1. At most 13 other Cβ atoms within 10 Å and a DSSP loop assignment: could you name the GluC sites (Glu not before Pro) in the range A:46-111 that fit?
2. For B:PHE90, B:PHE47, B:PHE64, what's the fewest-to-most ordering of other Cβ within 10 Å of each Cβ?
3. I need the calculated FRET efficiency for the pair A:SER108 and B:ALA3, taking r as the beta carbon distance and R₀ as 41 Å, to the nearest 0.05.
4. Using amide H atoms built in the peptide plane, which far-off residues or other-chain residues are under 5 Å from A:SER70 H to H?
5. Could you compute Rg(Cα) / (2.2 N^0.38 Å) for the range B:49-114, with N its residue count?
6. Whole-Å semi-axes of the range A:12-96's equivalent ellipsoid, largest first, each the root of 5 times a Cα gyration tensor eigenvalue?
7. Please check: in the Gaussian network model of chain A (C-alpha springs, under 10 Å), which one of A:ASN19, A:ASN54, A:ASN30 has the largest mean-square fluctuation.
8. Kindly write out, for the range A:29-45 in residue order, the coupling ³J(HN,Hα) from the Karplus curve 6.51 cos²θ - 1.76 cosθ + 1.60 (θ = phi - 60°), rounded to whole Hz, with x marking Gly and Pro.
Amino acid sequence: DAKTTQPPSMDCAEGRAANLPCNHSTISGNEYVYWYRQIHSQGPQYIIHGLKNNETNEMVSLIITEDRKSSTLILPHATLRDTAVYYCIVRADTSGTALIFGKGTTLSVSS
Amino acid sequence: DTAVSQTPKYLVTQMGNDKSIKCEQNLGHDTMYWYKQDSKKFLKIMFSYNNKELIINETVPNRFSPKSPDKAHLNLHINSLELGDSAVYFCASSRGFSGGNTIYFGEGSWLTVV
């Protein structure tokens, strides 16, 4: 699976948009981009994933560049409860693959 | 109802003991996983089962043995516990075992070996 690069930490003011970048320049055509987050002392929580197109759900938007070499997770109105470690993971659409977690980005939302 | 549930949530035990962590999912998924998160917070895959068959077996000591009695359960048995086994163990599941299937995690089991 392709490797991802994320900034180690980011700060965001409550109510503002949080834009979390992820670089995956070696991604191949059959690899999905997954985003998870882990709030302190909880299990990893699935957020969203995409292959080529941008994706949106009730919580976030995922913007994938046209060349697929990078993506941005957007939390449109961050709250204190969004403080967590956010993981960007690339996972091949082949059998027998698991999520390989990196160090992620620690997002701190403050009032 | 919790989709992926693990028991116990907390476990404190002495070195040399044998212990088990149980995992159950009620999502009707075919694939289950065990992950380990160490003190440095790195999450690492240990095992994966699909339809009760082992499909991923990372470099894990033989003291760790997963057992899948049916598709809904994947238990982790650990023999001769060592101090370095102290970690948080997460169970997870997905509909299938290819990359397009979202993996859902349990809340973790905190193991402390003293």
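1. Taking the range A:46-111 and a limit of 13 other Cβ atoms within 10 Å, the loop GluC sites (Glu not before Pro) found are A:GLU58, A:GLU66.
2. B:PHE64, B:PHE47, B:PHE90
3. 0.90
4. A:HIS24, A:THR65
5. Working it through for the range B:49-114, the quotient is 1.21.
6. So the equivalent ellipsoid measures 23, 15, 10 Å along its semi-axes.
7. Comparing A:ASN19, A:ASN54, A:ASN30 in a Gaussian network model of chain A, the most mobile one is A:ASN30.
8. For the range A:29-45, the Karplus-derived couplings read x, 9, 9, 7, 9, 10, 10, 10, 9, 10, 7, 3, 6, 10, x, x, 10 Hz, x marking Gly and Pro.
Values quoted throughout were computed directly from the atomic coordinates according to the rules given, and no laboratory measurement underlies them. These numbers were taken from a predicted model, which means no experiment stands behind them. With ideal geometry, Cβ positions are generated from the backbone for all residues, glycine too; neighbour counts draw on all protein chains shown.
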